[in-house]
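Enquirer: Before I ask anything, let me first share the structure, which is written out below as structure tokens.
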Amino acid sequence: MLQFAGPTVLRVGVLSWILTSLLVVLIVLDPNAASATHPLQLHGALQRDAPLGIVSHRGAAALAPENTLAAFQLAIDQGVDFVETDVQLTADGVAVLMHDPDVDRTTNGSGPLAGHTYEQLAALDAGAWFSADYAGERVPTLTEFVTVLDAAPTRAFIELKGEWPAERVGEAVELLRAHHLVHRVVLASFERPTLEAIRALAPEYATILLTRELDGETVDYAIGLQVSAVCARQQLIAEHPHALARLRAAGIGAIAYTLNSSKEWQEAVDQGLDFVVTDDPVTLAAWRLAAGHTT
């Protein structure tokens, strides 16, 4: 037999619809209304001191070879809010830091990363392509990265690239737990099965859904999985004010990548975004200070 909602349920539903609709209108008229109307208490490592948090893309990638220990140490020395890195699995299941699916661009090797064992990957040069000054840099393991992070005050966005078996997700989580990094690490992925494994195995960690879509189904998924934030391209966020309103109403943060100009940074502030990912964190930090976006 069909069950119909009573008057109380209907009133609550109508009220919820009205409030969400009003929030959408506010954001369209004034993007700052997103953060003003719903001040977020972001989860775990995503808590921030400034209105616009800074995430240093792949370490100090503009100044050193990306995703190497040299790049991360340089970013840490610059005092960035967060460093961001990409983690993939070798053929023998070792978690290593690299963005591309192939090793060609950032090493002297060739072919898919997943086709290399860790021993093969460790023999490659990951620095000479950037500068002779960095010749001899190696592809780091996640363990090596965590060791560097553990000795510094900086926090980290760690993207698990591709679909990770739950067993490997569990190993990564246990590594982070062993270093007591729950309040300093955010785990992110484009891949839903990987993100679901993270949420199941490490519910105490802040999580980010990386996405190329912001349609209703994507927002429903983010809310249902209870992620801490959604990260997408700035233009995509700008094109979907209703999605941003729904995320805000659910207490989910919004992050844009990869922004490298003052125009984009100001737009991020105007949109009420929580963090931006950038290749130029030092210039962004100086701009944030000069523009008064520090408290």
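The values are calculated or read from the model by the stated rules, or taken from the named source; none is laboratory data. No experiment lies behind these values; they were computed from the predicted model shown. With ideal geometry, Cβ positions are generated from the backbone for all residues, glycine too; neighbour counts draw on all protein chains shown.
Enquirer: Scan the range 79-99 and give yes if some residue there is of a type in the set (Gly, Ala, Ser) and at pLDDT below 95, otherwise no.
Expert: Yes.
Enquirer: In the range 141-153, is there at least one residue being under 19 Å from residue 66 (Cα atoms), among the aliphatic types (A, V, I, L, M) and in contact with a Lys or Arg (Cβ under 9 Å, 6 or more places away or on another chain)?
Expert: yes
Enquirer: Scan the range 223-239 and tell me whether some residue there is at positive phi and either surrounded by fewer than 16 Cβ atoms within 10 Å (Cβ to Cβ) or free of Cβ contacts under 8 Å to residues at least 60 places away in the same chain (or both).
Expert: Yes, some residue in the range 223-239 is at positive phi and either surrounded by fewer than 16 Cβ atoms within 10 Å (Cβ to Cβ) or free of Cβ contacts under 8 Å to residues at least 60 places away in the same chain (or both).
Enquirer: May I ask you to verify whether residue 209 is surrounded by 17 or more Cβ atoms within 10 Å (Cβ to Cβ), free of Cβ contacts under 8 Å to residues at least 24 places away in the same chain and not hydroxyl-bearing (Ser, Thr, Tyr)?
Expert: yes
Enquirer: State all residues of the range 132-151 that are touching a helix residue (DSSP H, G or I) at 6+ places or on another chain (Cβ under 8 Å) and among the charged types (D, E, K, R); if no residue qualifies, say none.
Expert: 137, 138, 144
Enquirer: Quick one: in the range 244-265, of everything that is crowded, with 20+ Cβ neighbours inside 10 Å and aliphatic (A, V, I, L, M), which residue is nearest to residue 227 (Cα to Cα)?
Expert: Only one residue tops the list, namely 252.
Enquirer: Follow-up. Which of the residues that make up the range 85-115 are outside any strand (DSSP E or B), touching an Asp or Glu at 6+ places or on another chain (Cβ under 6 Å) and surrounded by fewer than 17 Cβ atoms within 10 Å (Cβ to Cβ)?
Expert: Within the range 85-115, 108, 110 qualify.
Enquirer: Next question, about the same structure. Of the numbered conditions (1) surrounded by fewer than 16 Cβ atoms within 10 Å (Cβ to Cβ); (2) over 20 Å from residue 84 (Cα atoms); (3) within 20 Å of the chain's Cα centre (by Cα), residue 182 satisfies every one except a single condition; which is it?
Expert: (2)
Enquirer: Does residue 273 count as buried (at least 20 other Cβ atoms within 10 Å of the Cβ), part of a loop (DSSP other than H, G, I, E, B), in contact with a Gly (Cβ under 9 Å, 6 or more places away or on another chain) and in contact (Cβ under 8 Å) with a residue 24 or more places away in the chain?
Expert: Criteria met by residue 273.
Enquirer: Then there's this: Please work out which residue is surrounded by the fewest Cβ atoms within 10 Å (Cβ to Cβ), limiting yourself to the range 42-84 and to residues that are assigned to a helix (DSSP H, G or I) and in contact with a helix residue (DSSP H, G or I) (Cβ under 8 Å, 6 or more places away or on another chain).
Expert: Filtering first and then ranking leaves 73.
To keep it simple, each residue is scored yes or no on (1) surrounded by fewer than 23 Cβ atoms within 10 Å (Cβ to Cβ); (2) closer than 25 Å to residue 56 by Cα; (3) modelled with pLDDT of 95 or more.
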| residue | (1), (2), (3) |
| --- | --- |
| 147 | yes, yes, yes |
| 153 | yes, yes, no |
| 160 | no, yes, yes |
| 165 | yes, no, yes |
| 190 | yes, yes, yes |
| 193 | yes, no, yes |
| 219 | no, no, yes |
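Enquirer: Turning to a different aspect of this structure: Among the residues of the range 116-164, which ones are aromatic (Phe, Trp, Tyr), assigned to a helix (DSSP H, G or I) and under 13 Å from residue 185 (Cβ atoms)?
Expert: 145
Enquirer: Which of the residues that make up the range 192-206 are assigned to a loop (DSSP other than H, G, I, E, B), more than 20 Å from residue 83 (Cβ to Cβ) and either without any contact (Cβ under 8 Å) to a residue 24 or more places away in the chain or under 13 Å from the mean Cα position of the chain (by Cα) (or both)?
Expert: Answer for the range 192-206, where residues must be assigned to a loop (DSSP other than H, G, I, E, B), more than 20 Å from residue 83 (Cβ to Cβ) and either without any contact (Cβ under 8 Å) to a residue 24 or more places away in the chain or under 13 Å from the mean Cα position of the chain (by Cα) (or both): just 203.
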